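Notes follow once the structure below has been shown.
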Amino acid sequence: MSAATERPAAAFPRAVLSRALAIPLVAALVAVLPATVATQPGPGPHDAAYWLQLATCAYAGTRLAAMVLTPHRRLIQGAFWLFCYIAMGIAPLAQTVLDSTPTPVVGPRSDTVLASALVLAGIVAFDVGALLARHRPPLRSRMYDRHRPAAIVHPRRLYVLCVLALAGSGLLVAKLGGPGVFFSNRQEISESIEGAAGAASAEAASQAGSAFLRGFGTVPALLALLFLTRWLVVSRAARRRPLVPVLWLAMLALNVVVNNPVSNPRYWFLTVLFSLLFTAFPRSPVMYRAALATGVAVALVVFPFADRFRYEEGTDRPQQSTGSILEPLTMKDYDQTGMLANTVTFVDSGEGHSYGRNLTGTALFFVPRSMWTGKPHDPGTRVGEWMGMPYPNLSSPLWAELWLDFGPLGMALGFAAVGYGAARADRRYARRTAQEAAAGPPGRESPRDRAGPGSVAAVAVPLIAGYSFILLRGSLLQGMGRVAIAVLCLALVTTFRQSREGRSSGR
């Protein structure tokens, strides 16, 4: 009886907090902010694209508010709705109102209308996939999980990952000429990386070499920090051992150098920030809600002004000034809907759909072009070159990639699959972190006193949630290098059985 009566009492403050936040939060995301943007003075037409973008804002805002208010932490889904609300909803609506786009839209207005409809169809399909995963038969899931060993982190392999991170980041720092380069602008560090990768090599080889050098120098350091953070969170024994906190401090210092926001792409720093936050506070509803709610303000205010760290003085790309408070939303960070419209025009111009060829090239990114002469470039580059842009390295959102390969039906099915996978991963993360939190009562000897670094999912899911901003923005091909290195690092530290060292690591 006492346990039954205590549970509602413990849950009551969360319910009160949700009710207190629900009305202003939903009103702000669904009505106030979109209406403020939509009613700003501007020469843009109030056509079908305008109303479709308003519908996207309302739908994505409602789902984002639901992610913030739910007592369950749905990291990947929350990141998806945050991206859709800002990059695919509010930003293109502002661009329509001001009739100003970050990247020229070369096709007729009907292609922008179709692109806006595809965005809305994709997010609805994502929701359908997530709903299907939520209503998966629970009995089958329990029987399946009962016979499947959990993926956990092997302590000794984690030490190997730390050594690998030190070697990779040390090589990157040495190649670029010291830590000071990492606190300069992005143009300087990009030129240094390209030079370190081999100035005499061909352009494609140089790009591949620089991507590998940067990925090997940043990804292992981030993952080592995340796993050590998780270990310190779940194990009191790890906090008593000098080696683990010392390694954590070393990895933190390493990440300050190689993964700082000055010299790295802003979307990559979001990956670092989100993954570290959700790894350190896996069960905190306050941190989860604050991350999603403040993410809207960060995307609207911080991102545009952070553009000054990209290039040296006098080398910035020219921007058209509109004199409106919405002008930051017409900057290059938010060209996704425009590039989707350009992709539609690109397909209609005679190129046609590629029926999986682009995704095949993405999956086989490691195959050199000398062996595969017809290997496709990423869609953003292809469309940019077709448009005659001086900077053809443009974004290619997931909507554009799936549309280019499979058309509208394939795009919808693809987003349904993404939503299904995101919901399953979020549920796995919630279950694993809850199991580790309930490993034993505090204040006496318990499994937590002898725990190893814990579940792989407790780190992998926050990392995926953070990196989803990059994958959704595109292109997939450009993001695959770091994905492959992260997969190799995860495979290195993963084991499916509790070793003797894992059982006795805290003794």
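What number results when the radius of gyration of the range 225-310, computed over Cα atoms, is divided by 2.2 N^0.38 Å? All intermediate terms of the calculation are to be shown ahead of the outcome.
Values: Rg = 15.0 Å, N = 86, 2.2 N^0.38 = 12.0 Å.
Here the Cα radius of gyration is 1.26 times the empirical estimate.
Expressed in whole Å with the largest first, what are the equivalent ellipsoid semi-axes of the range 320-431 derived from the C-alpha gyration tensor as the square root of 5 times each eigenvalue? Could you put the intermediate results ahead of the total?
Details: eigenvalues 131, 110, 43 Å².
Here the semi-axes work out to 26, 23, 15 Å.
Of the listed peptides 65-75, 100-110, what is their order by residue-averaged count of other C-beta atoms within 10 Å, with the highest listed first? The partial results should precede the final answer.
On the way: 65-75: 20.1, 100-110: 17.7.
Ranked from most to least packed, the peptides come out as 65-75, 100-110.
Points 7 angstrom from Cα along the Cβ direction at Ile23 and Trp372: gap in nanometres?
5.7
Here, each number is a calculation from the coordinates, and none is a lab measurement. Just so we're clear, the structure is a prediction, and the values are computed from it rather than from any experiment. Reconstructed Cβ throughout: ideal geometry from the backbone, glycine too, with neighbour counts over all protein chains shown.
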